[in-house]
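Nothing in this text is a laboratory measurement; each read-out follows from the coordinates by a stated rule. Note that the structure is predicted; figures quoted are calculated from it, not measured. Ideal geometry is used to build each Cβ from the backbone, glycine not excepted, and the neighbour counts take in all protein chains shown.
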Amino acid sequence: MPSAIVTGATGILGREIVFELSKHAPQWPTIHALSRSKKEDYPSNVIHSHIDLTSSADGMAADLAKVRGEYVFFAAYLQKDSEQENWDVNGAMLSNFLEVLTKTGAIERVKRIILVTGAKQYGVHLGAPKNPMHEDAPWLTGSQWPPNFYYNQQNILHDFCSQHGKEWTVTYPNDVIGFARGNFMNLSTALALYALVEKEMGRGDELVFPGSPAFYTGFDSFTCSKLHARFCAWVALEPRAANEAFNVVNGDVNPEQFAPAEASVSDLAEKPPVEVQADELGLRGHEVTRQSKVEQQVDLVNWSQRDDVKAAWERLADREKLDKSAFEKATWGFLGFVLGRNFDLVISMSKARKYGWTGYQDTWDSFESVFEDLEASGVLPKKS
């Protein structure tokens with residue numbers, strides 16, 4: 001029976017991969033969960049080890065001397081202040097870890113390495129992409145585009161697997177709906193806290209959509225972290241998925257709606273990613289090829305720093321005995337970006353379907369499930 005190695009095992013995506021595999025102990029009798037922190041209680045078939053992927057390969061090799069697995073799930077990620085730093089740090093973490101596999105001899109047993117990336121693959125952080133997004137879209141390389149660390153990681157992985165005769169698979173999730181203990185870097189936490197504090201301040205009946213008026217009736221494709229974990233378990237063992245990359249989203253396309261004051265507007269890249277394919281798609285001069293923007297009816301970063309908002313959170317947290325650090329650590333800028341994009345994100349699951357994937361997750365159910373997890377962890381109040 002196969003064994004697994006999962007890096008980033010306490011993150012929103014890595015955590016769920018560990019739990020998904022551990023539920024099937026006869027199939028996955030041993031899972032090595034690797035993370036910088038050790039804040040999870042895992043089932044008995046999970047061996048949890050503390051490891052810092054930014055440390056030297058030699059140091060990690062000594063700590064991981066006995067770690068072996070046929071399938072490696074690399075879900076570790078560090079967010080830095082610039083795209084070049086993201087390129088350098090996240091590329092180095094993957095390179096160092098792959099070097100560790102060779103130093104310890106673990107690479108001899110490895111059959112496939114699954115790399116978790118994201119929809120930045122399509123430049124969704126730069127502006128409007130070509131919709132729907134397919135895995136064969138051109139990479140945004142060249143001096144007119146900022147460095148994309150997902151390209152760096154994939155090139156590192158491709159070269160390594162070619163050199164060692166191993167298989168690889170890459171996943172592209174988007175706008176992940178998930179939970180990780182003590183990790184508030186997700187849109188679900190910020191979204192829930194925004195609604196709760198607005199209600200505490202007496203505005204719950206007319207909750208203002210804080211993002212772009214255009215995106216209020218637009219569309220997004222979300223990824224439930226639990227669905228992504230099930231996909232990873234499936235794709236690891238699917239023979240046809242070797243050396244392929246796949247979009248992984250819920251399978252529905254949802255409008256970002258909840259009552260529609262524009263507080264801020266910021267420009268994204270001068271040319272959006274779709275402009276690369278404008279001629280072949282007959283879109284030259286079309287509105288979608290113009291510079292994309294992030295429009296916020298409520299600037300969530302500024303909102304979160306207001307005295308009246310902070311006071312409302314303090315009252316709510318004291319009354320309900322909530323984790324007070326959640327509000328300060330919530331990623332307000334990320335939520336503002338997700339809701340403020342003035343363009344659609346429609347991500348195709350056709351390729352995965354053709355390879356046999358049948359998974360689906362209702363996005364609203366995903367949010368409800370994560371909110372229940374946040375309630376259980378003391379971030380949100382219990383339902384009355």
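Summarising the label geometry, the points placed 7 Å from Cα in the beta-carbon direction at residue 47 and residue 266 lie 4.4 nm from one another. Each of 122, 194 was scored by other Cβ atoms within 10 Å of its Cβ. Arranged with the fewest first, they read 194, 122. Give the residue from 84, 157, 277 lying farthest towards the positive end of the charge dipole for the chain; charges sit on Cβ (+1 for Lys and Arg, -1 for Asp and Glu) and the dipole is referred to the Cα centre. Looking along the dipole axis, the top candidate is 157.
What does the net charge come to around residue 320 if you take all other residues with beta carbon closer than 13 Å to its beta carbon, with K and R at +1 and D and E at -1? Net charge in that neighbourhood comes out at +2. Helix-only arithmetic for the chain: the sum of -39500 (n - 2.57) across DSSP H runs with n ≥ 4, divided by the residue total, places the mean residue ellipticity at 222 nm at -11000 deg cm²/dmol.
Remark: spin-label model distance residue 207-residue 79 equals 2.1 nm, labels positioned 7 Å along the Cα→Cβ axis. Given +1 at the Cβ of Lys and Arg, -1 at the Cβ of Asp and Glu and no other charges, the dipole of the chain around its Cα centre is 1100 debye to the nearest 20. Computed 3J(HN,Hα) for the stretch 222-229, one whole-Hz value per residue from the Karplus formula 6.51 cos²θ - 1.76 cosθ + 1.60 where θ = phi - 60°, is 9, 10, 6, 4, 5, 5, 4, 5, glycine and proline marked x.
Of all DSSP bridge pairs formed entirely within the chain, close to 20 percent run antiparallel. In terms of surrounding Cβ atoms within a 10 Å radius of their Cβ, 55, 350, 221 rank from fewest to most as 350, 55, 221.
Along the axis of the charge dipole computed for the chain (Cβ charges of +1 for Lys and Arg, -1 for Asp and Glu, origin at the Cα centre), the listed residues 7, 309, 28 are led at the positive end by 28.
Let's test the formula: R0 of 25 Å, r as the Cβ-Cβ distance of residue 362 and residue 214. What FRET efficiency results, to the nearest 0.05?
Approximately 0.50, to the nearest 0.05.
Looking at the stretch 157-284, the DSSP beta bridges with both ends there are about 35 percent antiparallel. Judged by the mean number of other Cβ atoms found within 10 Å, the most tightly packed of the peptides 114-121, 351-358 leads the ranking 114-121, 351-358.
Residue-wise HN-Hα couplings along the stretch 351-368, as the Karplus relation 6.51 cos²θ - 1.76 cosθ + 1.60 with θ = phi - 60° gives them from phi, are 5, 4, 4, 5, 8, x, 6, 10, x, 8, 9, 5, 5, 5, 5, 4, 4, 4 Hz; Gly and Pro carry x. The H on the amide N of residue 30, modeled in the peptide plane, is under 5 Å from the matching H of 4, each at least 5 residues off or on a different chain.
For the peptides 307-317, 13-23, the ranking by packing is 13-23, 307-317, with the highest mean count of neighbouring Cβ atoms within 10 Å listed first. The charge dipole of the stretch 265-308, taken about the Cα centre with unit charges on the Cβ atoms of Lys, Arg (+1) and Asp, Glu (-1), comes to about 100 debye, rounded to the nearest 20.
Read through the labelled values (i) 19.5; (ii) 23.5; (iii) 20.7 and report the label of the one computed as mean projected area of the Cα convex hull in nm² from the structure. Entry (i). With a cut-off of 10 Å between beta carbons, the residues surrounding residue 283 carry a summed charge of -2, where Lys and Arg count +1 and Asp and Glu -1.
So, with +1 on the Cβ of K and R and -1 on the Cβ of D and E, and no other charges, what is the size of the charge dipole of the stretch 47-106 about its Cα centre, to the nearest 20 debye?
Details: 4 positive and 9 negative charges, 70 e Å.
For this selection, approximately 340 debye.
Seen from residue 75, the other residues with C-beta closer than 11 Å to its C-beta sum to a net charge of 0, counting Lys and Arg as +1 and Asp and Glu as -1.
As a rough guide to protection, the peptides 140-147, 359-366 ranked by mean Cβ packing within 10 Å, highest first, stand as 359-366, 140-147.
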